[in-house]
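So the structure is just underneath, and the comments pick up after that.
The values are calculated or read from the model by the stated rules, or taken from the named source; none is laboratory data. Only a predicted model underlies this, so the values are computations on that prediction, with no experimental measurement involved. Neighbour counts run over all protein chains shown; Cβ positions are idealised from the backbone, glycine included.
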Amino acid sequence: MADMKTKYLGLTLKNPVVVAASSLTATPTGVKKAADAGAGAVVLKSLFEEQLRADIQSVGGSAGESHPEADAYLAEMGMHAGSGEYLKLIREAKAAADIPVIASVNCIGGPWWTEFAEQVGKSGADALELNIAFLSTSPDETASSLEDRVVQIVRTARAASGLPVSVKLGSQYTNLLNLASRLSSAGAGGLVLFNRFFRMDIDLSTLGLMAGPVHSKPEDYHESLRWISLLFGRVPCDLAAGTGVHDYASALKVILAGARAVQVCSVVYQKGYGVIREILTGMETWLDQRKAAGLDDIRGKLSRFTSRSPADYERLQYIKALTGIY
Ligand SMILES: Cc1cc2nc3c(=O)[nH]c(=O)nc-3n(C[C@H](O)[C@H](O)[C@H](O)COP(=O)(O)O)c2cc1C
């Protein structure tokens, strides 16, 4: 049997399938279900999602998920109220499951932040994932000043918590390679590519705001695949795929591109925790058929870094392929 172990954020995971931050991992029971289903690790639900949801509902919108538009003041108030509960969740999750537990904070870098990161560091969490999402609405804020804020949060988190830190990013950055290397220098041990943000929609009957589709689709993994293949070998961070992994095939593809872990969320909501075992069995069977000893044998084999024709990985508009299709 192929060895499914992987190293991620300095931790040894028995396999690379990680249940992503969400309500699936919001309780010790959910964490135990993920562990019992075979997950290699879990990322706990981010701190202050409830506050965000309450915020949206209180202004008459529908409940969405973690999203960047939340008001900073309410977020900080929620953080103060929720931090004790969150530290308790970390301790209980650790007690409920014998797999690594990664805490997650939806982070805006407010004044509470340093102290809370210190507390997370002492809570027993194995690592800390930062879900950083700024949606700038000011025409005066430059892309570089926004990225400076992201880098500063990572530096603070790493120093204060003393934990391995990963950063879950959105895909909309002008030069992700540059940002990734700055984040690595600031202490990020891992990058999760990508977050899937709250999708805004409008209800035509009520003329109110509402949430768009909450779950990803199986075809949504391509953006993660592209960027993992471009970043592998170019930054020292461990890479994790974060959107659209719904089956063993996409899990294997992102590992071939260079991922050390694959985060799953929507597919677990849709099919239940049992899908984790299905994904793992499919991966093992594929590796065994190819006589691969383990994931280390295939990781990054189809990355830009190892490619003989790296330019192919950089084409946003692949004329040959497109002309073949149309
Ligand atoms: C219901 C729901 C709740 C989520 N809550 C969080 C959260 O608290 N923190 C976070 O970083 N991401 C959150 N996410 C995003 C997921 O962790 C994941 O990154 C995203 O759904 C993409 O992965 P997928 O394609 O496997 O669904 C949530 C997603 C869903 C569907």
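Within the set of pairs 6 or more residues apart or between chains, which connect a residue that is touching a residue at least 40 places away in the same chain (Cβ under 8 Å) inside region 138-165 to a residue that is among the polar types (S, T, N, Q) with Cβ atoms less than 8 Å apart?
Note: pairs meeting the criteria are 156/114; 160/114.
Where residues in region 111-129 are surrounded by 16 or more Cβ atoms within 10 Å (Cβ to Cβ), more than 22 Å from residue 241 (Cβ to Cβ) and small (Gly, Ala, Ser), which of them is farthest from the ligand (Cβ to nearest atom)?
Result: 121.
Confirm whether residue 180 is in a helix (DSSP H, G or I) and within 19 Å of residue 263 (Cβ to Cβ).
Judged against the criteria, residue 180 is a match.
Could you look through region 133-162, keep only residues that are at pLDDT 90 or above and within 16 Å of the ligand (Cβ to nearest atom), and pick out the one that is surrounded by the most Cβ atoms within 10 Å (Cβ to Cβ)?
157
I want to confirm something. Restricting to region 87-107 and keeping residues that are in contact (Cβ under 8 Å) with a residue 40 or more places away in the chain and in a helix (DSSP H, G or I), which single residue is nearest to the ligand (Cβ to nearest atom)?
89
Among what's in region 163-175 and is away from the ligand (no atom under 16 Å from the Cβ) and among the polar types (S, T, N, Q), pick the residue that is modelled with the lowest pLDDT.
If we take residues in region 163-175 being away from the ligand (no atom under 16 Å from the Cβ) and among the polar types (S, T, N, Q), then 174 is modelled with the lowest pLDDT.
Is there a residue in region 223-233 that is farther than 19 Å from residue 314 by Cβ and surrounded by 17 or more Cβ atoms within 10 Å (Cβ to Cβ)?
Scanning region 223-233 turns up no residue that is farther than 19 Å from residue 314 by Cβ and surrounded by 17 or more Cβ atoms within 10 Å (Cβ to Cβ).
Looking only at helices (runs of 4 or more DSSP H) that fall completely inside region 225-302, which ones have 1 or more residues that are within 16 Å of the ligand (Cβ to nearest atom) and not small (Gly, Ala, Ser)?
In region 225-302, the matching helices (runs of 4 or more DSSP H) lie at 248-257, 266-271, 274-289.
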